[in-house]
């Protein structure tokens, strides 16, 4: 299939469009390198074929002028010589194994859903772990089984989020692609056990001060994520790209949430008026540590970025800012860059 030629004949007198087909077989970096090599000698435009292409992949291909088709339904066929332009928006998430989409049936057993606790632990660990790292070491650090890591890594390789060496160790992580792929399956509002919006009538500054005092006095664990946490994680002197309009946080359990709501006199919001959203995490192990100088504990950096991305709108701008300020978008055996 790698050497196949696709011919597309549009109605009318125009000449047919021809594409040199190339199938995704390795990491994102390796695939893009092979595509660039093809572009040097092939007289035809390149068409990349894949099970799934993340937003980061698609942007890279479009920048190179490469067409693509994937099993999620994303299609972009562009040929200047024949005047062909075909664009189709596919599914925002990777199709489930064995599920028929509008374009094809996905049968690869290597595609794993990444919204669960095990996958989240692996991804959060990959976001900051020193490389290279092997399957067993990664499993120990993430506190999951080696089997969980072995199932997840092929999906991350396919998404261009990680690259593995000859021995199977992870040697490179693309943090942006990692977040792209994780948030296809994970979201703050849908992946946690209990998510409830509230209104802090006296405002967010008062809420944080009182919540921090309450946590210190009663050992009540409230872990900040979202916009407020992002501000604490940005380098000193860097201002957020968006004004603080909402607080998102995790409570250890429903009892802790009830006690916090009662103590701070939070009230149910009217439509569109809530400024505090509290959740009970699906995985209590995510509860983070208190950063020096921060009044509240903070969720891990990767979780904060993922939560912001999944909330959409202006929160995505805050996620991109935090991701760019977190020491490099890619990390490899030589460090972040």
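Can you pull out the residues in segment 252-270 that are under 14 Å from residue 210 (Cα atoms), in a loop (DSSP other than H, G, I, E, B) and in contact with a strand residue (DSSP E or B) (Cβ under 7 Å, 6 or more places away or on another chain)?
The one that is under 14 Å from residue 210 (Cα atoms), in a loop (DSSP other than H, G, I, E, B) and in contact with a strand residue (DSSP E or B) (Cβ under 7 Å, 6 or more places away or on another chain): 266.
Would you please list the contacts, defined by Cβ atoms under 7 Å and residues six or more apart or on different chains, that run from a residue in segment 238-260 that is assigned by TED's automatic domain parsing to the domain that holds residue 194 to a residue that is buried (at least 22 other Cβ atoms within 10 Å of the Cβ) and assigned to a loop (DSSP other than H, G, I, E, B)?
Here the result reads 250/281; 250/299, each pair linking segment 238-260 to a residue that is buried (at least 22 other Cβ atoms within 10 Å of the Cβ) and assigned to a loop (DSSP other than H, G, I, E, B).
Go through segment 309-318 and report how many residues are assigned to a helix (DSSP H, G or I) and over 10 Å from the mean Cα position of the chain (by Cα).
6
Which of (1) under 15 Å from residue 299 (Cα atoms); (2) free of Cβ contacts under 8 Å to residues at least 60 places away in the same chain is the odd one out, the single condition residue 227 does not satisfy?
(2)
So which of 215, 161, 177 is modelled with pLDDT under 90, under 22 Å from residue 307 (Cβ atoms), outside the structural domain of residue 231 (by TED's automatic domain parsing) and in contact with a strand residue (DSSP E or B) (Cβ under 8 Å, 6 or more places away or on another chain)?
Exactly one of 215, 161, 177 is modelled with pLDDT under 90, under 22 Å from residue 307 (Cβ atoms), outside the structural domain of residue 231 (by TED's automatic domain parsing) and in contact with a strand residue (DSSP E or B) (Cβ under 8 Å, 6 or more places away or on another chain), namely 161.
Of all the residues that make up segment 228-260, how many are surrounded by fewer than 18 Cβ atoms within 10 Å (Cβ to Cβ) and more than 16 Å from residue 305 (Cα to Cα)?
12
Can residue 131 be described as at pLDDT 90 or above and under 22 Å from residue 72 (Cα atoms)?
Criteria not met by residue 131.
Of these, 73, 83, which one is at positive phi, modelled with pLDDT of 75 or more and surrounded by 15 or more Cβ atoms within 10 Å (Cβ to Cβ)?
Answer to the selection: 73.
Could you look through segment 37-85, keep only residues that are in contact (Cβ under 8 Å) with a residue 60 or more places away in the chain and out of contact with any helix residue (DSSP H, G or I) (no Cβ under 8 Å at 6 or more places or on another chain), and pick out the one that is nearest to residue 320 (Cα to Cα)?
The residue in question is 77.
The values are calculated or read from the model by the stated rules, or taken from the named source; none is laboratory data. A quick note: this is a predicted structure, and the numbers were derived from the prediction, not measured. Here Cβ is always computed from backbone atoms with ideal geometry, including for glycine, and neighbour counts include all displayed protein chains.
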